[in-house]
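J.: Pasting in a structure now, in structure tokens, and then I'll have a few things to ask.
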């Protein structure tokens, strides 16, 4: 298996990044490639452990030790074949996945884990450079027609798999270009959009049809689709953001994070902006920016605000600061809730923990000028989790803020329009109800996958959902399926 003593000879090493002062001047990706020797060393650290927990740590079931071995031996076609057997889009996950596989790496018990995510990205980029990645050649078509509503990672994965099975697939996207969250939620400095375009082109060449600016339920009736298609897959994502209902929430300058990020992505793409009522949805230049929410979306707002030359950037998190390493309450191989410092944080931000926003304060013209905030004291449960809090006495104060970005996650899919018209059954959280066993809704011919079914989650989970849903649809249509499952079979 690769280099038997590699994990003893080499330590974890990430590829270099462009310097902060340089990368803040543009929206390009800034993580560079490994030198050949470094890539060889990092793949050689894989231990060939008896039970590869990384398999179960990955929602896709990626066959990680095997592709590490192929990388170490420079068998690039083999590495690509292994990786693509479980993952339709390694170029996405290799850039933006939080890598739960690395948290489950056996080497991580007492050493830094394998750089699985980076190795994955290198495999797919080398595969593209060597023309290993080709449009799927479908020799036999079933004649069955499938409509996929939503072109985010779940919809794309379902479309790719069902096309491989020989079905005729059309993807409907209400925005002006395919990609969903990948295109208009992830900043270009993490995922440049040519990466998406390259994949969409391959999918089109393999026979998948994309219809953009097509809002099903508004521009196209679901009744028409039900007449034309044998199956419809709902993959519209979880798009309704969580709001903060406190005084002043209607002030100019209080924005949802995803509106802010989407508009910046359109600027980078050189597209004409059409914000609500002609109003700009937020520019951070020369403003004191406060990002409310400590997750990845909040981090993306930090990086974008710094590139827009904000006067200051502060990020609030309601929860207390997590530990910097695993505790006895976070045993391996569980995913550890530890302090995460992203590349955006490295670029500059004042991170404040256990902080609550009580009021948005405006000026005479209705513009945001300050926040009223308070510190929290958390009570920790016996399981080590924050359980309840009280406001710390005499900690209430005001801080200057002209742009507040709400990055507190998403509640459920949009119900107005398509879902209301269908009268589809929802679960207790407001998501489209369907079991993981069959992904079938309460309506004949309609399946669902991704965040629309499971709620807000990771891109890697969305791809997994799309693949598994595709297999259930194939079984529904044909009585059996040869599509790969999570273990590549």
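Every number in this text was worked out from the coordinates using simple rules, so none of it is lab data. Since this is a predicted model, take the numbers as computed values, not measurements. Cβ: placed from backbone, ideal geometry, glycine included. Neighbour counts: every protein chain shown.
J.: Share of antiparallel DSSP beta bridges in the chain, in percent to the nearest 5? Could you put the intermediate results ahead of the total?
T.: Working: 22 of 55 bridges.
Bridges in the chain that DSSP calls antiparallel: roughly 40 percent.
J.: What percentages, rounded to whole numbers, describe P(r) for the chain computed over all alpha carbon pairs with 10 Å bin width beginning at zero?
T.: Result, from short to long distances: 4, 18, 27, 27, 18, 5, 0, 0 percent.
J.: Please list 198-211, 221-234 highest first by mean number of surrounding beta-carbon atoms within 10 Å per residue. Display every interim value, and only then the final one.
T.: Values: 198-211: 16.6, 221-234: 18.4.
Packing proxy ranking, top to bottom: 221-234, 198-211.
J.: Where a ≥ b ≥ c are the square roots of the eigenvalues of the C-alpha gyration tensor, would you call the stretch 243-408 rounded, which needs a/c under 1.5, or, failing that, prolate if a/b is larger than b/c, or oblate?
T.: Values: a/c = 2.35, a/b = 1.43, b/c = 1.65.
Judged from the Cα gyration tensor, the stretch 243-408 comes out oblate (a/c at least 1.5, b/c at or above a/b).
J.: Given contacts defined as C-alpha pairs under 8 Å and at least six residues apart, what's the relative contact order of the stretch 243-408, whole-number percent?
T.: Numbers: 330 pairs, mean separation 49.7, N = 166.
Computed value for the stretch 243-408: 30 percent relative contact order.
J.: Can you tell me which of 239-245, 99-105, 458-464 comes out highest on packing, and rank the rest after it, using the mean Cβ neighbours within 10 Å?
T.: Working: 239-245: 15.0, 99-105: 23.1, 458-464: 24.9.
Sorting 239-245, 99-105, 458-464 by mean packing, highest first, produces 458-464, 99-105, 239-245.
J.: Decide, for the stretch 179-267, between rounded, prolate and oblate: order the square roots of the alpha carbon gyration tensor eigenvalues as a ≥ b ≥ c, take rounded if a/c falls under 1.5, and otherwise choose prolate if a/b is larger than b/c, else oblate. Spell out each step's value before the answer.
T.: Numbers: a/c = 3.12, a/b = 1.41, b/c = 2.21.
Oblate.
J.: Classify the stretch 353-489 as rounded, prolate or oblate, taking a ≥ b ≥ c as the square roots of the eigenvalues of its Cα gyration tensor: rounded when a/c is under 1.5, otherwise prolate if a/b is larger than b/c and oblate if not. Walk me through the numbers before you get to the answer.
T.: On the way: a/c = 3.20, a/b = 2.12, b/c = 1.51.
In terms of gyration-tensor shape, prolate.
J.: When 1/r is averaged over all different Cα pairs and the result inverted, which Kirkwood radius in Å belongs to the stretch 23-65? Kindly include the intermediate steps, with their values, before the conclusion.
T.: Working: mean 1/r = 0.0755 Å⁻¹.
In the stretch 23-65 this quantity evaluates to 13.2 Å.
J.: With just the Cα atoms defining each centre, how far is the stretch 281-350 from the stretch 139-181? Give it in Å.
T.: First find each Cα centre; the distance between them is then 34 Å.
J.: If you look at just the Cα atoms of the stretch 1-125, how large are its Rg and its Dmax in Å?
T.: 14.2, 47
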